[in-house]
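**Q** Before we start, here is the structure in question, set down as structure tokens.
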Amino acid sequence: PWGLAFPSEKLLRFYFISEGSCWLHTESGGWQQLREGDLVLLPRAQEHRLASGPDVPCGAFDRCQVTRFGGNVCSVVQPGDGPVTVLFSGSMELGSLALHPLLALMPPVLKGCDVASSDNLVKPLLETMTEEAAHPQMGGATVLARMAELVTARVIRCASNSHPPAKGPGE
């Protein structure tokens, strides 16, 4: 069993479950199960928890083995004998101020698989990220970081396209 707690921060956070399953807890949504292939975006990166089950205590990364690949990319492993869960996680600061009002309009938890099902690039990008992480090579950290940025941008685009802005009176 494993559980990690994440504080509130001013960064966008995403998770992609490439193997196994886990649970995500937010104040607004309670516990939600995430399955293999799910992509979740927390546009405002509120305080949240990830765990192997909703009844598992969550703590800091102090029980994890952290291996740096380069830059800000690393592998975090919490050893155990339970079922394996492999997930990608990322926090990012958005350089474009134009996106901030859009993010404020998004729900607190956005399941990428819900909004990106019509996007023919998201699935191959996620499959490539999984392959890149499974077989690390020179420059892999840079590749993973850039792919995470692409996936996040595509999910934000899909979300905004599926919920066009409301028109004002007379429009």
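The values are calculated or read from the model by the stated rules, or taken from the named source; none is laboratory data. Being a predicted model, the structure only gives us computed values, none of them experimental. Cβ: placed from backbone, ideal geometry, glycine included. Neighbour counts: every protein chain shown. Note: accessible area is taken over every heavy atom of the protein model, side chains too, but ligands, DNA and RNA are not part of it. Shrake-Rupley method; radii C 1.70, N 1.55, O 1.52, S 1.80 Å.
**Q** Is there a residue being in contact with a helix residue (DSSP H, G or I) (Cβ under 6 Å, 6 or more places away or on another chain), open to solvent by 60 Å² or more (accessible area, probe 1.4 Å), more than 16 Å from residue 9 (Cβ to Cβ) and in a loop (DSSP other than H, G, I, E, B) anywhere in the stretch 45-65? Write out each step before concluding.
**A** To start, the set of residues in the stretch 45-65 that are in contact with a helix residue (DSSP H, G or I) (Cβ under 6 Å, 6 or more places away or on another chain) comprises none.
The answer is no, given that none of the residues of the stretch 45-65 is in contact with a helix residue (DSSP H, G or I) (Cβ under 6 Å, 6 or more places away or on another chain), open to solvent by 60 Å² or more (accessible area, probe 1.4 Å), more than 16 Å from residue 9 (Cβ to Cβ) and in a loop (DSSP other than H, G, I, E, B).
**Q** I'm trying to understand the selection: among the residues of the stretch 12-28, which are part of a loop (DSSP other than H, G, I, E, B) and surrounded by 14 or more Cβ atoms within 10 Å (Cβ to Cβ)?
**A** First, the residues of the stretch 12-28 that are part of a loop (DSSP other than H, G, I, E, B): 20, 27-28.
Listed by number, the list holds a single entry, 20.
**Q** Let me ask something additional. Testing residue 104 on (1) under 14 Å from the mean Cα position of the chain (by Cα); (2) at pLDDT below 75; (3) open to solvent by 40 Å² or more (accessible area, probe 1.4 Å); (4) of a type in the set (A, V, I, L, M), one condition comes back false. Which one is that?
**A** Every listed condition holds for residue 104 apart from (1).
**Q** What's the number of the condition residue 9 fails, among (1) within 25 Å of residue 150 (Cα to Cα); (2) among the charged types (D, E, K, R); (3) open to solvent by 80 Å² or more (accessible area, probe 1.4 Å); (4) part of a loop (DSSP other than H, G, I, E, B)?
**A** Looking at each condition in turn, residue 9 falls short on (3).
**Q** For residues that are outside any loop (DSSP other than H, G, I, E, B) and without any contact (Cβ under 8 Å) to a residue 40 or more places away in the chain, tally how many sit in the stretch 35-44. Let's see the steps before the verdict.
**A** Taking the stretch 35-44 as the starting set, the residues that turn out to be outside any loop (DSSP other than H, G, I, E, B) are 35, 39-42.
Next cut, without any contact (Cβ under 8 Å) to a residue 40 or more places away in the chain only: 35.
Residues flagged as outside any loop (DSSP other than H, G, I, E, B) and without any contact (Cβ under 8 Å) to a residue 40 or more places away in the chain within the stretch 35-44 amount to 1.
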